[in-house]
Amino acid sequence: MNRKAEFFSYVIPSVLAFALSGVYAIVDGFFIGNSVGDVGLAAINIAYPVTALLQALGTGIGMGGAVQYSIHRGKSQNGNPQDYFNTTILLLFSVCLLTMVLLTLTIHPLLSAFGARGELLSMGQEYLRIIVLGAVFQIFSTGFVPLIRNMGSSIVAMYAMIGGFLTNILFDYLLVWVFPYGLAGAAAATIIGQGVTMAVCVCYFIKVRTGFSLPGLSVVRTAAINILRIAISPFGLTFSPNIILILMNKFAMIYGGEDAVACYAAIAYITMIIVLLLQGVGDGCQPLISRYYGQKAFAEVRETKRLAYVTAGLIAIICMILLFAVRYDAAALFGASNTVQREVAGILPYFIAGFLFLAFVRVTTSGFYATEKNNFAYILVYAEPVMLFLLLLIVPRFWGITGIWACAPLSQIITAVIALAAKKMESRISACKL
């Protein structure tokens, strides 16, 4: 298989899977918005970061294990890839138990900290109680998918996500529209969908006889440290949009109240798919980059990154054009009121402006953690939410609610500049080593 064909054989299923993941994420908003209205949409938007935290934990650990699995399959690497598979399963199980206990005890204070109060708070609690009970399905399903992709079965990973996506839609329809269980029904539908994804992944592992055995303590310690060093980056990459969501919700509530939160809820759902498409390019090329890196095939690493930048850039440009064209109708999908729809049409261009910069940052970050350049990856993962927070403290004081919307693309532009500087620095360091 030639290089471009191999690249797209990994990236296309990954992009499609993340596109479905994006639709997956907005399905609850679609059914709740059209059933409960603006207040339901705002409530689920404020509660969603907790759901995203569970998924990010699974993705981070799964991707950390997957990267190490690929690297240790390289010709020049010593070590057993199976050790990394086994340790990844143990880490996923441990994190699952810990988060279920901690989140069960902290749902109310977390939602209050996110800015929820009154009806928004009670509805958010209704949603999260179910989500936390099903944490095992969310963490394991999102953790298994990167492992399967790095084992060379990106199509199976895509099918697993499609199965969960279709199941979620079916049960959202049944539990929100047919049987009016509201936000609790939407949460249950999410958990059932993730359970289906997890089941497909487990069936794959059984079919290919991956096997599982408890490794020795010294093996677990070494493998866990290597996995977690990498996991911090994909965890942050997956969860940072939700740190941004928390910050934007908080400041939108301060400067514009519930109406502003409802507007941002619609925008967050609309832009989430584009963010995940770009992440799909980065995660799709990661198995190839890690494998070439393990083989010390550095020319192939550079070519794979180049293809990823071009692909992500084209996706960003196409999405910018399409979203700008439908900006007046986009919020109607979520049952938003006419007032919110008009507000969203005026606000959406601010968020569209940052897509191209975001594409560059996402691919650069994936390239760093795929080749164990963890410090550079850490900087880029957390630069955007830090920049956004600093801007939100300053800009809205002079520009009001409009300043909040402008902070989103400004933070992405600053992060892209940091990414470019990090990329040049990494090139110089690599050149010195050679």
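Take the chain, connect every pair of alpha-carbon atoms lying under 10 Å apart with a spring to form a Gaussian network, then pick out the residue of Tyr369, Tyr84, Tyr328 with the largest mean-square fluctuation. Evaluated over the chain, the most mobile residue of the options is Tyr328. Report, to the nearest whole %, how much of the accessible area of the chain belongs to carbon and sulfur atoms, 1.4 Å probe, protein only. Whole-percent figure for carbon plus sulfur exposure: 68. Counting only heavy atoms of the protein chains and using a 1.4 Å probe, Trp399 has close to 130 Å² of accessible surface. Remark: relative contact order (region 323-418) = 30 percent; criterion is Cα-Cα distance under 8 angstrom and separation of 6 or more residues.
With respect to the chain, whose longest principal axis is taken over its alpha-carbon atoms, helix 135-150 is tilted by about 40°.
Projecting the Cα atoms of Ile230, Met253, Tyr382 onto the charge dipole of the chain, computed from C-beta unit charges around the Cα centre, puts Ile230 farthest toward the positive end. On a 0 to 90° scale, report how tilted helix 298-325 is relative to the longest principal axis of the chain, with both axes built from alpha carbons and the result rounded to the nearest 10. The helix 298-325 is inclined about 10 degrees to the chain. Among the listed pairs Lys4/Lys424; Lys305/Lys424; Lys4/Lys305; Lys4/Lys207, those with a Cα-Cα distance over 22 Å are Lys4/Lys424; Lys4/Lys207. Heavy-atom accessible surface of region 83-216, averaged per residue, reaches 43 Å², computed with a 1.4 Å probe. Before anything else, pin down the relative contact order of the chain: Cα pairs under 8 Å, at least 6 apart, normalised by residue count, whole percent. The normalised contact order for the chain reaches 24 percent. Along region 169-179 the Karplus relation, 6.51 cos²θ - 1.76 cosθ + 1.60 evaluated at θ = phi - 60°, assigns HN-Hα couplings of 4, 4, 6, 5, 4, 5, 8, 10, 9, 6, 10 Hz to successive residues, with x for each Gly and Pro.
Over region 338-434, all Cα pairs binned in 5 Å intervals from 0 give whole-percent P(r) values of 2, 13, 19, 19, 15, 11, 8, 5, 3, 2, 1, 0, 0, listed from short to long. Taken per residue, the accessible surface of region 335-427 reaches 40 Å², heavy atoms only and a 1.4 Å probe. When Leu90, Leu111 are compared by accessible area at a 1.4 angstrom probe, the order from most to least is Leu90, Leu111. Taking Cα atoms only, the orientation of helix 355-370 departs from the longest principal axis of the chain by about 30 degrees. Note on the chain: with a GNM built from Cα contacts shorter than 10 Å, the maximum mean-square fluctuation among Pro13, Pro215, Pro234 falls on Pro215.
Note on the chain: GNM, Cα springs under 10 Å; of Ile191, Ile413, Ile321, the largest mean-square fluctuation is that of Ile321. Residue ranking by accessible heavy-atom surface, 1.4 Å probe, largest first, among Arg209, Arg229, Arg291 comes out as Arg209, Arg229, Arg291.
Close amide H pairs (under 5 Å, H built 1.01 Å from N) link Glu372 with no residue at least 5 positions away or on another chain.
The values are calculated or read from the model by the stated rules, or taken from the named source; none is laboratory data. Given the structure is predicted, the values throughout are model-derived calculations rather than measurements. Note that each Cβ is placed from the backbone with ideal geometry, even for glycine, and that neighbours are counted across all protein chains shown. Heavy atoms of the whole protein, side chains included, go into the accessibility calculation; ligands, DNA and RNA do not. Shrake-Rupley method; radii C 1.70, N 1.55, O 1.52, S 1.80 Å.
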